[in-house]
Amino acid sequence: MFDRKVVAITGAGSGIGQALAVQFATKGAQLALSDIDQKGLDETRRMLPQGTEVRSYLVNVGSRESVFGYADTVCSDFGAAHYVINNAGTSVIASFENVTIEEIEKVININLWGVIYGTKAFLPPMLKQREGCIVNISSVFGLVATPGSAAYTISKFGVRALTETLWQELGGSGVRAVLVHPGGINTNIPKNTPKAHAEGEFERRVMEANKKQMITPPADCARDIVAGLAAGKKRLLVGNGAKQLHLLSRL
Ligand code: NAD
């Protein structure tokens, strides 16, 4: 199913994006990897099976020009893009009262605008070829409003709103949209975020919940995402998502 397909992944230099690159490569896909971090991209390339057709691109998903340039270059380098995985993300642990405007802008810019740009840039060539799959990475925080993580929650609900809208608008076009809600994946985001901003009771609770639940290796998460795509699912709750959801809804 993925053999020779062109898969573009943002945030491919670490965590879930890196593990997805490995997973797609083992299925014979051609990879157009991007990240803001060149070192991470180099590391991902070293992890791929020999013979993988791969190109990497330095892309800032918070910049419209950068993402549209990425889509154009991928389509011209590979002749098409069959899957785009809008995965790059960042976070800050802070209640709405404590989070700064600059932090909200940064999180929305990367997590929500990044996904909007990626979808808007890759959709036209996919519609033209009447084939394609847009995979947007939300979170369990996109399913339940989470005190102590206001900016991240807003951004991930936005990703969900966009993707659920696409479900309704893309019917019959040959292009599908898939919404992924990971939870509790052992990557840099939950590891680094608590240090960024931790001031009050809500922040303490969400940090504790994250710490308890951060147990799924990114490789398992990537395997489940790729299996869900192959099975034609449109919403995927992956990792320790179900348990984390339960915990978050009681915070
Ligand atoms: P990660 O920090 O390991 O990976 C994020 C990647 O995004 C990094 O390689 C980083 O360099 C890249 N990135 C950050 N800002 C960027 C920008 N402006 N432009 C391009 N690339 C940028 O974290 P992860 O957990 O693998 O996160 C991947 C996605 O999964 C994110 O959208 C995150 O919100 C989501 N997610 C993660 C979890 C979890 O438990 N880890 C849970 C739910 C959702």
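A few remarks follow.
- Computed over the chain with a Gaussian network model linking Cα atoms closer than 10 Å, the most mobile of A25, A231, A150 is A231.
- Projected onto their three principal axes, the Cα atoms of the chain cover extents of 51, 38, 33 Å, largest first.
- Annotation: aspartates and glutamates with alpha-carbon distance below 13 angstrom to K27 (same-chain offsets under eight excluded): D3, E53.
- Amide H contacts of V178: I134, V135, N136, each under 5 Å away and 5 or more positions distant or on a separate chain (H built 1.01 Å from N in the peptide plane; Pro and chain starts excluded).
- Label-to-label distance, K234 versus A161, with points set 7 angstrom from Cα along the beta-carbon direction: 1.9 nm.
- Rounded accessible area per residue of segment 6-248, 1.4 Å, Å²: 43
- Anchor K128: lysines whose Cα lies under 20 Å away (excluding residues fewer than 8 positions away in-chain): K5, K120
- Here R55 and F96 are evaluated by their C-beta separation; at R0 = 30 Å the FRET efficiency comes out at 0.15.
- Rg(Cα) / (2.2 N^0.38 Å) computed for segment 157-216, rounded to two decimals: 1.58
- Straight-line cross-link partners of K191 among the lysines, defined as a Cα under 26 Å from its Cα and at least 8 positions apart when in the same chain: K39, K106, K156, K211, K212, K243.
- Applying the criteria of a DSSP loop state and at most 11 other Cβ atoms within 10 Å to the trypsin sites (Lys or Arg not before Pro) of segment 42-145 yields R130.
- Burial order of peptide ranges 65-72, 163-170, 236-243 (average beta-carbon count within 10 Å, highest first): 236-243, 65-72, 163-170
- For V6, distant residues with modelled amide H under 5 Å away: Q30, H82, Y83
- Rounded to the nearest 10 degrees, the angle from helix 38-47 to the longest Cα principal axis of the chain is 70 degrees.
- Note on R4 and E201: with the Förster distance fixed at 51 Å, the Cβ-Cβ geometry gives a FRET efficiency of about 0.45.
- The C-alpha atoms of the chain define a longest principal axis, and helix 114-129 lies at about 20 degrees to it.
- FRET E, pair E105, Q168, Förster distance 22 Å, beta-carbon r, rounded to 0.05: 0.15
- Distance between segment 139-178 and segment 96-133 - C-alpha centres, whole angstrom: 10
The values are calculated or read from the model by the stated rules, or taken from the named source; none is laboratory data. Only a predicted model underlies this, so the values are computations on that prediction, with no experimental measurement involved. Methodologically, a virtual Cβ is constructed for each residue, glycine included, from the backbone with ideal geometry; neighbour enumeration extends over all protein chains shown. Each accessible area value is taken on the protein alone, full model and side chains, heavy atoms only, with ligands, DNA and RNA left out. Shrake-Rupley method; radii C 1.70, N 1.55, O 1.52, S 1.80 Å.
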